[in-house]
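Q: Just dropping this structure here.
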Amino acid sequence: MNISQVKDFITKNSLLRENSTVLIGVSGGPDSLALLHFLWTNYPNNKLLAVHVDHMFRGKESEQDLMSVKEFCRKRDISFESTQINVKKYQEDMRVSSQVAARDCRYEFFKEMMEKYEGDYLALGHHGDDQIETILMRMVRGGSSYSRAGMRAKRVFATGYLIRPFLCLNKSDIESYCTNHDLVPRYDPSNEEDKYTRNRFRNHVLPFFKKENQQVHLRFQQYSEQLIEDEALLEELTQDKLNTVIRKQDKDEVSISVSNYSKMPKPLQRRGIQLILKYLYKDTSPDLNSIHIDNLLSFLANEHPSGILHFPLGLRIIRSYDDCHFSFLEKKTEPYSFIIEQDSVIECNNGYELVSETRGYYPEEFKGEHIFVIDPDSVVPPLYVRSRKTGDKMTQKGMKGTKKVKDIFIDKKVDRGQRELWPIVTDSQGTILWIPLLKKSSYEASNLLKDKYILLQYKATKSRGQS
Ligand SMILES: Nc1ncnc2c1ncn2[C@@H]1O[C@H](COP(=O)(O)OP(=O)(O)OP(=O)(O)O)[C@@H](O)[C@H]1O
């Protein structure tokens with residue numbers, strides 16, 4: 001690894017000022033260990049603090065990661081702070097993937113430490129190969145232009161900035177740095193597993209790029225920096241134009257003139273929509289992807305003068321001639337009950353829908369709390385989805401006896417407002433089969449050799465137009 005290359009990158013992007021307090025997120029892996037060593041050796045005028053989070057995923061092994069970082073710091077007289085967080089529990093409570101849960105917990109601790117030490121910087125060990133993966137993943141999944149620019153080398157975080165000085169390096173630069181400085185990193189086996197999207201990009205796409213160009217990470221980094229500059233300019237232009245389009249803007253609602261909006265250049269129209277949605281959703285960023293934006297763009301371009309779109313979290317977009325009004329639905333709390341027809345989609349009035357499909361084999365590729373598979377022979381048809389009733393009880397998968405639905409809501413910390421609309425799936429006898437995202441009953445299919453199954457999926461509603 002070329003030390004001056006990283007120093008130049010730090011200077012060019014104004015990543016570090018001398019005499020600062022720099023926290024470094026150190027997992028114990030090669031990237032962050034090299035980063036800690038690099039900053040300790042090359043920037044001696046800064047006050048360093050290594051911070052480590054044990055996610056408690058791998059029992060004793062992950063505890064040893066913590067001990068090894070602690071020992072590394074002790075030998076070099078570097079301050080060290082750590083925490084152990086039961087991420088599995090957080091994951092279950094928040095119903096997110098293990099990776100999202102680990103990230104949330106980690107950043108929360110980083111924030112706490114920045115505040116405690118009045119940190120100027122939090123340095124993380126992301127490198128150029130991570131950047132390629134991030135950009136590609138976001139392109140494949142779809143997202144705003146900003147998100148397609150990948151990770152920033154510097155952004156505001158807590159009391160200072162989050163910085164990534166190694167974005168100009170690739171993985172093998174870092175590995176050779178570790179070898180040359182006798183650093184002995186810890187390895188997390190989950191970094192290799194193909195079950196995570198990022199690892200699939202790492203294992204299957206990156207090798208091809210590297211064969212084409214050994215230094216491909218520098219091309220991606222340049223692309224990222226230029227895209228961020230372009231986007232900043234485009235956002236400014238969009239904001240200016242939007243001022244001529246917006247008729248009314250309140251805390252939870254926005255109205256625009258469709259004709260003025262249509263006069264905006266196409267690239268600004270898309271960005272204008274993104275700005276309006278960002279304004280309305282604030283911190284509650286729902287799972288919006290490019291399909292939502294595309295639907296909304298064609299809705300506005302549609303010659304039909306009126307219609308309505310339903311977006312996640314109850315955002316309603318109503319078009320009436322030249323006026324398009326974005327506002328959140330008043331929460332309806334009337335009880336409901338619908339028959340689940342074969343192969344149907346039922347909107348649950350809370351921004352989610354229940355999709356029912358018939359399968360001729362056990363659909364083992366579908367897993368998770370948003371999925372329920374039923375053996376039709378074990379229930380009395382038809383199935384229903386309804387809101388809760390007083391006294392509801394259900395049997396729980398893998399447990400004896402029954403449990404009150406009310407207690408399930410309390411255990412899972414579902415707030416009162418949401419409980420009234422939360423869907424409950426029953427058979428025609430009223431037996432509760434499933435409470436999506438919260439609890440499965442013992443009626444989930446256990447015989448995997450049948451030739452018919454009902455697959456139920458609970459997912460965020462895609463925006464759908466009705467003229
Ligand atoms: N458990 C942790 N404790 C402290 N910092 C962490 C932890 N996990 C990740 N980080 C920080 O976030 C960066 C990115 O993490 P990520 O898991 O994506 O990368 P990685 O390739 O596993 O990095 P490393 O080789 O440093 O483990 C790490 O380089 C490190 O700075």
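Q: Considering only residues that are within 22 Å of residue 110 (Cα to Cα) and more than 9 Å from the ligand (Cβ to nearest atom), look in the range 129-138 and name the one that is farthest from the chain's Cα centre (by Cα). Before you say what the answer is, go through the steps one by one.
A: First pass over the range 129-138, keeping only residues within 22 Å of residue 110 (Cα to Cα): 130-131, 134.
So of that shortlist, the ones also more than 9 Å from the ligand (Cβ to nearest atom) come out as 131, 134.
Numbers: 131: 17, 134: 12 Å.
Across the range 129-138, the extreme among qualifying residues is 131.
Q: Next question. For the range 7-113, please list each of the helices (runs of 4 or more DSSP H) lying entirely inside it that holds at least 1 residues being within 14 Å of residue 125 (Cα to Cα) and within 14 Å of the ligand (Cβ to nearest atom).
A: Numbers: elements: 30-42, 59-76, 87-94.
Fully inside the range 7-113 and qualifying: 30-42.
Q: Now, a different point. Restrict the check to the range 397-416 and report whether at least one residue is touching a Ser or Thr at 6+ places or on another chain (Cβ under 7 Å) and of a type in the set (A, V, I, L, M). Spell out the reasoning first.
A: First, the residues of the range 397-416 that are touching a Ser or Thr at 6+ places or on another chain (Cβ under 7 Å): 397, 402.
Applying the additional criterion that residues be of a type in the set (A, V, I, L, M) yields none.
The answer is no, given that none of the residues of the range 397-416 is touching a Ser or Thr at 6+ places or on another chain (Cβ under 7 Å) and of a type in the set (A, V, I, L, M).
Q: Please verify whether the range 179-186 includes one or more residues that are out of contact with any Ser or Thr (no Cβ under 9 Å at 6 or more places or on another chain), within 18 Å of residue 4 (Cβ to Cβ), within 14 Å of the ligand (Cβ to nearest atom) and not basic (Lys, Arg). Give the derivation first.
A: Residues of the range 179-186 out of contact with any Ser or Thr (no Cβ under 9 Å at 6 or more places or on another chain): 179-180, 182-183.
Next cut, within 18 Å of residue 4 (Cβ to Cβ) only: 180.
With within 14 Å of the ligand (Cβ to nearest atom) added as a condition, the list becomes none.
Within the range 179-186, not a single residue is out of contact with any Ser or Thr (no Cβ under 9 Å at 6 or more places or on another chain), within 18 Å of residue 4 (Cβ to Cβ), within 14 Å of the ligand (Cβ to nearest atom) and not basic (Lys, Arg).
Q: Restricting to the range 343-398, name every residue that is among the aromatic types (Phe, Trp, Tyr) and in a loop (DSSP other than H, G, I, E, B).
A: First pass over the range 343-398, keeping only residues among the aromatic types (Phe, Trp, Tyr): 352, 361-362, 366, 372, 384.
Of everything in the range 343-398, those that are among the aromatic types (Phe, Trp, Tyr) and in a loop (DSSP other than H, G, I, E, B) turn out to be 361, 362, 366.
Q: Moving on to the next point. So how many residues does the range 114-127 have that are small (Gly, Ala, Ser) and part of a loop (DSSP other than H, G, I, E, B)? Walk me through it before giving the result.
A: From the range 114-127, those small (Gly, Ala, Ser) are 119, 123, 125; that's our starting set.
Okay, now just the ones that are also part of a loop (DSSP other than H, G, I, E, B), so 119, 125.
Going through the range 114-127 one residue at a time, the tally reaches 2.
Q: Quick one: is residue 109 among the aromatic types (Phe, Trp, Tyr) and over 25 Å from residue 193 (Cβ atoms)? Please lay out each step first, then the result.
A: Numbers: among the aromatic types (Phe, Trp, Tyr): yes; over 25 Å from residue 193 (Cβ atoms): no.
No.
Q: Still on this structure, please answer the following. Could you list, in sequence order, all residues of the range 442-454 that are at pLDDT 90 or above and either crowded, with 19+ Cβ neighbours inside 10 Å or in the same structural domain as residue 313 (by TED's automatic domain parsing) (or both)? Full working, then the answer.
A: Within the range 442-454, the first condition is being at pLDDT 90 or above, and the residues that meet it are 452-454.
Residues satisfying the conditions are 453, 454.
Q: Ok, one more. Of all the residues that make up the range 3-39, how many are under 23 Å from residue 186 (Cα atoms) and of a type in the set (S, T, N, Q)?
A: 2
Q: Looking only at residues in the range 40-97 that are modelled with pLDDT of 95 or more and among the small types (Gly, Ala, Ser), which one is nearest to residue 191 (Cα to Cα)?
A: That would be 68.
Q: Considering 14, 98, 79, 4, which residue is surrounded by fewer than 17 Cβ atoms within 10 Å (Cβ to Cβ) and touching a helix residue (DSSP H, G or I) at 6+ places or on another chain (Cβ under 6 Å)? Before the answer, list the steps.
A: Numbers: 14 fails: touching a helix residue (DSSP H, G or I) at 6+ places or on another chain (Cβ under 6 Å); 79 fails: touching a helix residue (DSSP H, G or I) at 6+ places or on another chain (Cβ under 6 Å); 4 fails: touching a helix residue (DSSP H, G or I) at 6+ places or on another chain (Cβ under 6 Å).
After applying the criteria, what remains is 98.
Q: Scan the range 138-150 for residues that are aliphatic (A, V, I, L, M) and surrounded by fewer than 17 Cβ atoms within 10 Å (Cβ to Cβ) and report the count. Even if it seems obvious, please write down each step before you answer.
A: Of the range 138-150, the ones aliphatic (A, V, I, L, M) are 139-140, 149.
Going one step further and asking which of them are surrounded by fewer than 17 Cβ atoms within 10 Å (Cβ to Cβ), we end up with 139-140.
Count: 2.
Q: For residue 163, are the conditions met, namely being within 23 Å of the chain's Cα centre (by Cα) and closer than 27 Å to residue 2 by Cα?
A: Details: within 23 Å of the chain's Cα centre (by Cα): yes; closer than 27 Å to residue 2 by Cα: yes.
Criteria met by residue 163.
The values are calculated or read from the model by the stated rules, or taken from the named source; none is laboratory data. Only a predicted model underlies this, so the values are computations on that prediction, with no experimental measurement involved. Cβ: placed from backbone, ideal geometry, glycine included. Neighbour counts: every protein chain shown.
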